[in-house]
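The values are calculated or read from the model by the stated rules, or taken from the named source; none is laboratory data. Worth saying up front: this structure is predicted, and the values here are computed from it rather than measured. Cβ coordinates were reconstructed from backbone atoms using ideal geometry, including for glycine residues, and neighbour counts include every protein chain displayed.
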Amino acid sequence: MERWDKALKDYESLRKDMPGNVDIAKALFEVQIALKKSRGEETDDMHFGGVVEDVCTNEQLRHAISLQGR
């Protein structure tokens with residue numbers, strides 16, 4: 001379990017340094033799943049959703065929504 005804790009901290013740090021990197025986001029998610037499973041926690045309702053980007057204007061929000069499901 002200690003290795004998962006360390007890996008989680010490492011990926012969280014990487015995520016802060018490179019917030020747009022999907023590979024890091026996915027690896028962080030997988031480590032979160034592995035850590036929860038090692039603790040005996042339920043993970044069936046957890047699904048990777050990709051990267052969430054900041055939306056600053058209504059136009060950007062409409063555009064982001066239009067991309068959903070593609």
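Structural remarks
- Scan region 4-19 for residues that are modelled with pLDDT of 90 or more, within 29 Å of residue 64 (Cα to Cα) and not aliphatic (A, V, I, L, M) and the total you get is 6.
- Matching residues, region 20-70, being at pLDDT 90 or above, exposed (fewer than 10 other Cβ atoms within 10 Å of the Cβ) and not in a loop (DSSP other than H, G, I, E, B): 23
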